[in-house]
1. State all residues of the range B:75-85 that are facing chain A (nearest Cβ under 9 Å), free of Cβ contacts under 8 Å to residues at least 60 places away in the same chain and crowded, with 18+ Cβ neighbours inside 10 Å; if no residue qualifies, say none.
2. I need the full set of residues from the range A:138-155 which are more than 7 Å from chain B (Cβ to nearest Cβ) and farther than 15 Å from residue A:119 by Cβ, in order please.
3. For the list (1) within 9 Å of chain A (Cβ to nearest Cβ); (2) surrounded by 15 or more Cβ atoms within 10 Å (Cβ to Cβ); (3) hydroxyl-bearing (Ser, Thr, Tyr); (4) in contact with a Pro (Cβ under 8 Å, 6 or more places away or on another chain), I need the number of the one condition that residue B:347 fails.
4. If I filter the range B:154-166 for residues that are over 22 Å from the mean Cα position of the chain (by Cα), over 30 Å from residue B:90 (Cα atoms) and among the aliphatic types (A, V, I, L, M), do I get at least one hit?
5. Which ones in the range B:258-278 are facing chain A (nearest Cβ under 9 Å) and of a type outside the set (Gly, Ala, Ser)?
6. Taking the condition of being of a type in the set (Val, Ile, Thr), under 21 Å from residue A:126 (Cα atoms) and loosely packed, with under 15 Cβ neighbours inside 10 Å, how many residues in the range B:400-426 meet it?
7. Given the conditions (1) among the β-branched types (Val, Ile, Thr); (2) more than 24 Å from the chain's Cα centre (by Cα); (3) under 30 Å from residue B:213 (Cα atoms), report the number of the one that residue B:274 does not fulfil.
8. Just to verify a result, which residue in the range B:379-398, among those that are loosely packed, with under 15 Cβ neighbours inside 10 Å and either modelled with pLDDT under 95 or within 11 Å of chain A (Cβ to nearest Cβ) (or both), is farthest from residue B:351 (Cα to Cα)?
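The values are calculated or read from the model by the stated rules, or taken from the named source; none is laboratory data. Predicted model, so just to flag it, every value in this text is computed and none were measured. FYI the Cβ positions are ideal-geometry reconstructions off the backbone, even for glycines, and counts take in every protein chain you see.
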Amino acid sequence: MKRPVVIFPALAGLLLVLAACASMKSVPGLPESHSETLAPGQQINCSECHNDQNKGAMKSLTSFSHTKVFVKNHRYYASTDDRLCSVCHRPSFCADCHTGQVEMKPSVKYGYRPDRELPHRGNFMTLHKIEGKIDPAGCYRCHGRANNERCVACHR
Amino acid sequence: MKKTVSCLLSAVLLLALPAAVLAETSIESTTIFRFFQDSRTGFPQKNFVPATQFLSIDADKLADGNLSLHLYGWGRLDLGDKSFNNDQADGNLTHGYLKYRFNQANAQIRAGRFIINEGIINEKIDGVSARTDLPLGFGISAFGGANVHSAHIPNENTDGKGDAIYGGRLHYRYRGMLELGVSGLYETAAPALGRLSNQILAREGKFGNHRLVGGDVWLAPLNMLELMGHTSYNTETRSVADHSYQLNLKPLKQLVLTGEFNEYRDRSNFLTSVMFSSMYSALRDMSRVKGGIASYAINSQIDLSADYRHYTREIGNADRTGTDLRYRFMDNSIRTGAGYHYLRAGSAFAVTPSSASSASYHELRGFIMRDDTSYFASADAIIFVFDKKISDKQSAWEVATSVGYRLTPLLALSGDISYGQNPQFTDDLKGLLRLTYNLNLSSKGGAR
């Protein structure tokens with residue numbers, strides 16, 4: 001008796017998706033890449049060129065200006081608009097930190113770029129004993145289920 | 001196993017090269033030789049010279065122009081003593097996938113090893129993902145595959161992850177002012193743990209299956225107002241895992257005022273990590289982080305910000321406050337910055353908690369860098385001054401300098417030296433040599 005209850009909504013959903021696919025060509029998409037090369041190390045201000053007018057369901061580009069707040073909390077934007085990120089950034093830019101298994105701190109790999117907001121500068125070995133107690137959820141976000149091989153060397 | 005991974009990584013990257021050179025390709029190769037010595041009293045002296053090769057290949061416009069290949073990984077060979085684990089060599093294919101991008105509806109398909117970051121989902125898989133926008137403001141994404149097992153838990157044959165994982169997100173957008181999303185993931189049953197202490201974690205309900213659902217929101221009714229965040233719910237513990245929300249106000253073009261609110265239930269949040277779930281009991285379950293940032297661009301060269309955060313845990317609370325300044329000049333070729341922060345934290349958060357201890361400390365940082373067409377150089381200094389000594393040290397500090405020369409527009413040689421003193425080491429002197437090769441045949445906009 002349970003099976004038809006599950007099957008009918010699934011079929012209805014499938015039909016809706018098929019109907020939507022039929023009209024997909026009318027749904028606009030972002031360009032593959034930004035038309036201009038953007039200077040490295042600069043706090044990109046989208047509003048310098050893009051006005052606040054939105055097209056369709058697209059968010060205002062000024063929301064994506066790289067202020068300090070944006071850089072610090074970019075996770076909110078990346079989790080819903082990573083397609084927009086990829087217009088300017090290659091995926092390897094994200095992978096500088098978000099790899100799942102890092103060989104060295106990004107701040108060591110990019111020691112010549114102190115202007116980049118890279119985590120754990122200085123002697124974080126001491127500080128993590130304090131920071132890890134105050135906000136372990138902040139650690140978990142990156143080191144929870146992956147990228148923790150060096151953590152488990154001590155935390156057995 | 002590690003050797004196999006290293007060989008596989010090299011083989012895959014080499015095999016990819018012929019295809020890559022035919023396309024619009026970006027190759028970033030960084031070779032790093034590090035030098036450091038461990039001469040702690042009571043331990044045998046060790047000299048470490050790990051050589052690490054990082055390689056990133058992005059080959060765009062393959063096939064009909066919409067297909068791209070992305071391969072990132074690293075390999076390490078210890079030329080001196082073993083620098084990390086029991087292996088003289090190590091390596092990892094961190095990302096390796098094909099992406100097909102459709103011209104309409106932001107649709108794309110990925111296949112291979114990659115990170116999924118959609119709504120409340122943040123996972124690394126060997127599998128397939130697809131997503132597209134739909135008419136009327138809707139959008140849908142889905143993924144499925146095998147978990148990437150990248151960690152080794154001592155005395156276990158597993159990293160605590162189930163074998164397969166799948167999930168997706170459905171969203172709705174309205175006129176560029178509202179986005180609502182629901183997302184969820186389902187992982188096959190968590191593996192049985194062998195170590196007794198870990199078995200107890202599972203029996204006590206502190207470790208279990210990875211199954212989450214959640215919702216996210218983005219709301220901007222006015223250009224000067226933006227609210228975003230998400231809530232995740234753990235269906236195994238039947239409890240909220242986290243609330244994370246941020247409110248941005250932009251009363252002036254140059255000014256951003258931000259408020260944030262985060263609440264975590266550690267049991268539900270950490271349920272699928274043996275390492276974290278084994279630690280949370282001492283801190284108890286609930287924590288909150290509230291705070292705000294004011295960021296002001298004085299002009300195109302100077303940014304000033306001030307921030308405050310209040311941390312609440314059942315064992316105590318803490319406050320962090322501070323300010324940062326960034327200054328760029330000479331056509332952005334010279335960049336400098338300075339910052340100061342103070343963390344006020346009670347003894348419960350101290351390295352060794354006791355009535356006489358403290359976790360409070362001051363943090364002071366300053367840097368300057370020059371990036372010229374032929375050379376680049378930087379200096380970076382950071383010091384943490386503790387209110388109460390840690391291991392008989394009042395502070396931990398480090399000064400790092402880097403100098404590099406571009407041998408050709410694509411090839412650069414650089415060297416770093418850092419020196420510091422801290423509770424771990426009386427003298428902490430490290431050096432490295434770095435050879436960087438950046439080839440960008442892609443028409444894509446700036447990548448950095």
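1. Hit for the range B:75-85 is B:76, nothing else.
2. A:153, A:154
3. Evaluating residue B:347 over (1) within 9 Å of chain A (Cβ to nearest Cβ); (2) surrounded by 15 or more Cβ atoms within 10 Å (Cβ to Cβ); (3) hydroxyl-bearing (Ser, Thr, Tyr); (4) in contact with a Pro (Cβ under 8 Å, 6 or more places away or on another chain) leaves (1) as the failure.
4. No.
5. Within the range B:258-278, the first condition is being facing chain A (nearest Cβ under 9 Å), and the residues that meet it are B:258, B:260, B:262, B:264, B:266, B:269-270, B:272-276, B:278.
B:258, B:260, B:262, B:264, B:266, B:269, B:270, B:272, B:274, B:275, B:276 - these are the residues of the range B:258-278 that are facing chain A (nearest Cβ under 9 Å) and of a type outside the set (Gly, Ala, Ser).
6. Step one: of the range B:400-426, the residues of a type in the set (Val, Ile, Thr) are B:401, B:403, B:408, B:417, B:426.
Then drop every residue that is not under 21 Å from residue A:126 (Cα atoms), which leaves B:417, B:426.
Next, from what is left, pick out any that are loosely packed, with under 15 Cβ neighbours inside 10 Å: B:426.
Residues meeting the conditions: 1.
7. Every listed condition holds for residue B:274 apart from (2).
8. To start, the set of residues in the range B:379-398 that are loosely packed, with under 15 Cβ neighbours inside 10 Å comprises B:385, B:389, B:391-392, B:394.
Narrowing further to those that are either modelled with pLDDT under 95 or within 11 Å of chain A (Cβ to nearest Cβ) (or both): B:389, B:391-392.
Numbers: B:389: 10, B:391: 9, B:392: 12 Å.
That would be B:392.
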